[in-house]
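Undergrad: Before I ask anything, here is the structure I am working with.
The values are calculated or read from the model by the stated rules, or taken from the named source; none is laboratory data. Note that the structure is a prediction, hence the values are computed from the model and not measured. For neighbour counting, all protein chains shown are included, and Cβ atoms are generated from backbone atoms with ideal geometry for every residue, glycine included. With ligands, DNA and RNA removed, areas are computed over all heavy atoms of the protein, side chains included. Shrake-Rupley method; radii C 1.70, N 1.55, O 1.52, S 1.80 Å.
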Amino acid sequence: MASKLEALQHWVNDVAALTRPAHIHWCDGSDTEYQSLVRQMLADGTLIELNQQTHPGCYLHRSNPSDVARVEQLTLVCHPEQEDAGPNNHWMAPADAHAKIDALFDGCMEGRTMYVIPYCMGPIDSPLSRCGVEITDSPYVVANMKIMTRMGAAAQARIEREEAFVKGLHSTGELDPERRWIMHFPAEKSIKSYGSGYGGNALLGKKCHALRIASNQAREEGWLAEHMLIVGIENPQGETHYIAAAFPSACGKTNLAMLIPPEGYRQDGWKVWTVGDDICWMRPGTDGRLYAINPEAGFFGVAPGTSNSTNPNALKSVSHDTIFTNVAVTADNQPWWDGLPGEPVTDWQGRPYDPANGPAAHPNSRFTVSAKQCPTWSEKAEAPQGVPISAIVFGGRRPSLLPLVMEACDWTHGVLMGAAMGSETTAAATGAVGVLRRDSMAMKPFCGYHYGDYFAHWLSLDKAGAKLPKIFHVNWFRKGADGKFLWPGFGENLRVLEWMIERVKGTARGVQTPIGTLPARNELKLDGLALKPGQIDELLAVDNAGWQAEIEAIGEYLESFSPRLPERLRQERQRVADALDADATSPRTATA
Ligand code: GTP
Ligand code: SPV
Ligand code: MN
């Protein structure tokens, strides 16, 4: 099968002329095709069969040990003007970038098969969805794209109808970090990725298309492409509120998206519905509300820490038909990572497990699984019009200062909260782990243009007729003097979501503070939680001196986007700084 769309056929021909593959395979997205790729990868060792009794249809892939995460310093956003990429991105002039990477692609597929993967990000019949075509020489990428996107014949038909698609060219190359680039050309709606076979570097529909390219399109067309989960919270009255939440990589999106209500809540009839765990595209509807779709069809989730106590839904999802990458293996050939029962005998590199070599499963080991396998998968995830969003939540790993939850007083304040987000770095990208850095809206690695323009775009949604969601900030990762987490997290986070929903409905009053509205003590349901006396006070405290220093640091950070920093955001920061000053000189009598 080839394409009747000339633009597509020409591009495929051009790429073939450059990379010189032995064969070209147009992917139809069928199960038969998937099975035949799996057989081929089992035969050449790309995949290793796991225990088919306990884990039917599950396979393990061990990536090159130098290729285990995103590489931010090698990820470029190549706008024609450097200024448009902003200080938040690495940049190269488009002509230089093409020349550099085309030299690597030259002949790189000799003797190999080139796969052409038409895919659709979002429900196949949704007007909010967007299509792309990834060309790759990696069957592992094809298999993952089959799980993560609506891939194959239906996507190709939509592309031929719409005559529009994002071009993604990928080769695993030599897997040499010295010959590795992930390049984006927003003006051309194209992506070129060479030298990595891993996740966000290689599955181009995900971060490259659905965030970096899409954030540019979203800005032009008046919508948002965000690093957010989407979850539906159904209360005992049967009303479902949809919440979108932006947490940086490996900071709890998958967990919150699949939350299991605490025992008492379950008995009362609370239910949680998973719509998405990583990416959210939202757009104002005719009624002024924001409507969201999950552009993905699967989860590429963090394995370590996924357990029966933290995320039983994820664990059930990955019990069959899952590709595991860089996990460890037990004596009876089951996948293993920290948090699971049993013991590893083979580590993620295939060596006999020895604690001296570090953790058995790589900290950024992941599972790829169809969203349909999640027990809480929402039927609304297929709704072409998307789901209406009641609240947007920002949050990161903040060991101190940031309270368990606070609400912005309006949209502008909420945009400031998102822009000011900080978090300790994780293993999802190469580099140091546990270092506090700013990560505005959890989009630092993914915003495809200047953060100053991005903040302005967020602010621009606040216009006549808009019925925007309330904005909150949460911190599940606050630590006490003993270095332990103060908040139990995971399923218990529903207690915080319930308060948010009450704020949305207007049934909780909260307490005003200079940094936002916090729950009054009696407004958070804490029964059944074994919190120590004083623990909730610590979680909800507003340390004025600490906040004065924080708001100064936020100011310095925001000014790094000057002259494109919106004046409205600068003034909003000043308003909060003044409120903190006033509060320091005449403290409120009421305490949060
Ligand atoms: P990406 O896929 O990288 O974008 O990450 P994600 O945000 O989906 O991260 P995920 O939900 O997989 O969380 C990763 C880590 O955060 C795991 O180690 C979890 O155990 C931990 N985590 C998630 N939720 C909580 C929580 O409520 N409290 C605590 N303490 N840890 C949590
Ligand atoms: C992230 O790092 O935020 C991920 C994993 O979701 S990857 O697809 O590798 O970027
Ligand atoms: Mn992510």
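Undergrad: Taking the condition farther than 22 Å from Tyr557 by Cβ and within 20 Å of the chain's Cα centre (by Cα), does Gly480 pass?
TA: no
Undergrad: Continuing with the same structure: Does any residue of region 514-531 turn out to be under 22 Å from Met417 (Cβ atoms) and exposed (fewer than 13 other Cβ atoms within 10 Å of the Cβ)?
TA: no
Undergrad: Same structure again: Of the conditions (1) away from ligand 1 (no atom under 16 Å from the Cβ); (2) closer than 21 Å to Ile101 by Cβ; (3) buried (at least 24 other Cβ atoms within 10 Å of the Cβ), Met114 clears all except one; give me its number.
TA: (3) is the only condition that Met114 fails.
Undergrad: Sticking with this one: Scan region 8-20 and report the pairs whose first residue is of a type in the set (A, V, I, L, M, F, W, C) and whose second residue is part of a helix (DSSP H, G or I), with Cβ atoms within less than 9 Å and a gap of 6+ or a chain change.
TA: Once the first residue is of a type in the set (A, V, I, L, M, F, W, C) and sits in region 8-20, its partners that are part of a helix (DSSP H, G or I) give Leu8/Gln156; Leu8/Ile159; Leu8/Glu160; Val15/Phe105; Leu18/Asp102; Leu18/Phe105.
Undergrad: Looking for whichever is open to solvent by 10 Å² or more (accessible area, probe 1.4 Å) and either away from ligand 1 (no atom under 16 Å from the Cβ) or not assigned by the TED database to the domain that holds Gly534 (or both) here; the options are Glu498, Glu502. Which one fits?
TA: Glu502
Undergrad: I need a count of the residues in region 299-313 that are within 14 Å of ligand 3 (Cβ to nearest atom) and open to solvent by 10 Å² or more (accessible area, probe 1.4 Å).
TA: Residues flagged as within 14 Å of ligand 3 (Cβ to nearest atom) and open to solvent by 10 Å² or more (accessible area, probe 1.4 Å) within region 299-313 amount to 2.
Undergrad: For Ala250, state whether it is within 16 Å of ligand 3 (Cβ to nearest atom) and open to solvent by 10 Å² or more (accessible area, probe 1.4 Å).
TA: yes
Undergrad: Show the residue pairs that are 6+ apart or on different chains and have beta-carbon atoms under 6 Å apart, the first residue being within region 101-112 and over 10 Å from Ala16 (Cα atoms), the second being part of a loop (DSSP other than H, G, I, E, B) and among the acidic types (Asp, Glu).
TA: Close Cβ pairs (under 6 Å, with a partner that is part of a loop (DSSP other than H, G, I, E, B) and among the acidic types (Asp, Glu)) amount to Arg112/Asp137.
Undergrad: Out of Gly107, Gly132, Gly111, which single residue is at negative phi and not in a helix (DSSP H, G or I)?
TA: Gly132
Undergrad: Testing Gln237 on (1) open to solvent by less than 20 Å² (accessible area, probe 1.4 Å); (2) of a type outside the set (Gly, Ala, Ser); (3) over 20 Å from the mean Cα position of the chain (by Cα), one condition comes back false. Which one is that?
TA: Among (1) open to solvent by less than 20 Å² (accessible area, probe 1.4 Å); (2) of a type outside the set (Gly, Ala, Ser); (3) over 20 Å from the mean Cα position of the chain (by Cα), the lone unmet condition for Gln237 is (1).
Undergrad: A further question follows. Condition (residue is polar (S, T, N, Q) and within 16 Å of ligand 3 (Cβ to nearest atom)) applied to region 145-160: is it met by at least one residue?
TA: Yes, some residue in region 145-160 is polar (S, T, N, Q) and within 16 Å of ligand 3 (Cβ to nearest atom).
Undergrad: Look at region 1-29 and say how many of its residues are farther than 14 Å from Pro139 by Cα and touching a helix residue (DSSP H, G or I) at 6+ places or on another chain (Cβ under 9 Å).
TA: The qualifying residues number 9.
Undergrad: Now, a different point. Would you please list the contacts, defined by Cβ atoms under 9 Å and residues six or more apart or on different chains, that run from a residue in region 363-387 that is on the phi > 0 side of the Ramachandran plot to a residue that is open to solvent by less than 10 Å² (accessible area, probe 1.4 Å) and polar (S, T, N, Q)?
TA: That search, which allows pairs on different chains as well, returns Gly386/Ser126; Gly386/Asn294.
Undergrad: Considering only strands (runs of 3 or more DSSP E) fully contained in region 379-493, which possess at least 3 residues that are open to solvent by less than 10 Å² (accessible area, probe 1.4 Å), more than 28 Å from Gly339 (Cβ to Cβ) and touching a helix residue (DSSP H, G or I) at 6+ places or on another chain (Cβ under 9 Å)?
TA: Because the criterion is at least 3 residues that are open to solvent by less than 10 Å² (accessible area, probe 1.4 Å), more than 28 Å from Gly339 (Cβ to Cβ) and touching a helix residue (DSSP H, G or I) at 6+ places or on another chain (Cβ under 9 Å), the strands (runs of 3 or more DSSP E) in region 379-493 that meet it are 387-395.
Undergrad: Something else now. Could you tell me how many of the residues in region 117-141 are under 27 Å from Glu49 (Cα atoms) and exposed (fewer than 15 other Cβ atoms within 10 Å of the Cβ)?
TA: Residues flagged as under 27 Å from Glu49 (Cα atoms) and exposed (fewer than 15 other Cβ atoms within 10 Å of the Cβ) within region 117-141 amount to 0.
Conditions tested, residue by residue: (1) hydrophobic (A, V, I, L, M, F, W, C); (2) touching a residue at least 40 places away in the same chain (Cβ under 8 Å); (3) within 12 Å of ligand 1 (Cβ to nearest atom).
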| position | (1), (2), (3) |
| --- | --- |
| Glu220 | no, no, no |
| Leu224 | yes, yes, no |
| Leu229 | yes, yes, yes |
| Glu234 | no, no, no |
| His241 | no, yes, no |
| Ala245 | yes, yes, yes |
| Lys253 | no, no, yes |
| Gln267 | no, no, no |
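Undergrad: Further question: Can you name the number of the only condition in (1) surrounded by fewer than 16 Cβ atoms within 10 Å (Cβ to Cβ); (2) within 16 Å of ligand 3 (Cβ to nearest atom); (3) not hydroxyl-bearing (Ser, Thr, Tyr) that Val68 fails?
TA: (1)
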